[in-house]
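Engineer: Take a look at this one; I'll ask things after.
The values are calculated or read from the model by the stated rules, or taken from the named source; none is laboratory data. Everything numeric in this text was worked out from a predicted model, so none of it was measured. Every residue, glycine as well, gets a Cβ built from its backbone with ideal geometry; the counts of neighbours run over all protein chains shown.
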Amino acid sequence: MSNNRSESASAPTRRHFLSVAVKSAVLIPMAGMGMARMAVAADLPHLSPSDPTAKALSYVEVASESKSSAYKAGDACDNCALYQGDRKADWGPCAVFPGKDVSAKGWCTSYVKMS
Ligand code: SF4
């Protein structure tokens, strides 16, 4: 009998602990995502076409000026699946060039048409 009483008395504590643990497990990663979004939203240095990786991928700041045979009219960073920025902004992050913003009107040979 006393065992039941002590269990029921401790049940809210256990429930409270589980509630806090579950909320923490959900909210802490969400807070991290918010911080990641803030980092993405911040302006990054612009990728230079003379950057070695940019050169290797024939990156240009104005897609229509590309001399690559892989370039097709209409392809541009702002309609590439790897572009991570606001599609209405002039510059934004790209999955291929971490830590840099690419020109939304740019292009490179890693272009992936958005589906
Ligand atoms: S991968 Fe896409 S978004 Fe990134 S630079 Fe190349 S074309 Fe632009």
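Engineer: Just to be sure before I move on: is Ala70 closer than 25 Å to Met114 by Cβ, small (Gly, Ala, Ser) and either at pLDDT below 65 or touching a Leu at 6+ places or on another chain (Cβ under 8 Å) (or both) in the structure I sent?
Structural biologist: Spelling it out, it is not the case that Ala70 is closer than 25 Å to Met114 by Cβ, small (Gly, Ala, Ser) and either at pLDDT below 65 or touching a Leu at 6+ places or on another chain (Cβ under 8 Å) (or both).
Engineer: Just to verify a result, which residue in segment 73-99, among those that are small (Gly, Ala, Ser) and out of contact with any Leu (no Cβ under 7 Å at 6 or more places or on another chain), is farthest from the ligand (Cβ to nearest atom)?
Structural biologist: Ala73
Engineer: Sticking with this structure for a sec: Here's a check for you: in segment 103-115, which residue that is under 15 Å from Glu65 (Cα atoms) and assigned to a strand (DSSP E or B) is farthest from the ligand (Cβ to nearest atom)?
Structural biologist: Ser103
Engineer: Does segment 50-74 hold any residues that are buried (at least 17 other Cβ atoms within 10 Å of the Cβ) and farther than 11 Å from Ser110 by Cα, and which are they?
Structural biologist: The answer is Val60, Glu61, Ala63, Ser66.
Engineer: Still on this structure, please answer the following. Filter segment 75-89 down to residues that are surrounded by fewer than 16 Cβ atoms within 10 Å (Cβ to Cβ) and aromatic (Phe, Trp, Tyr), then give me how many there are.
Structural biologist: Qualifying residue count, segment 75-89: 0.
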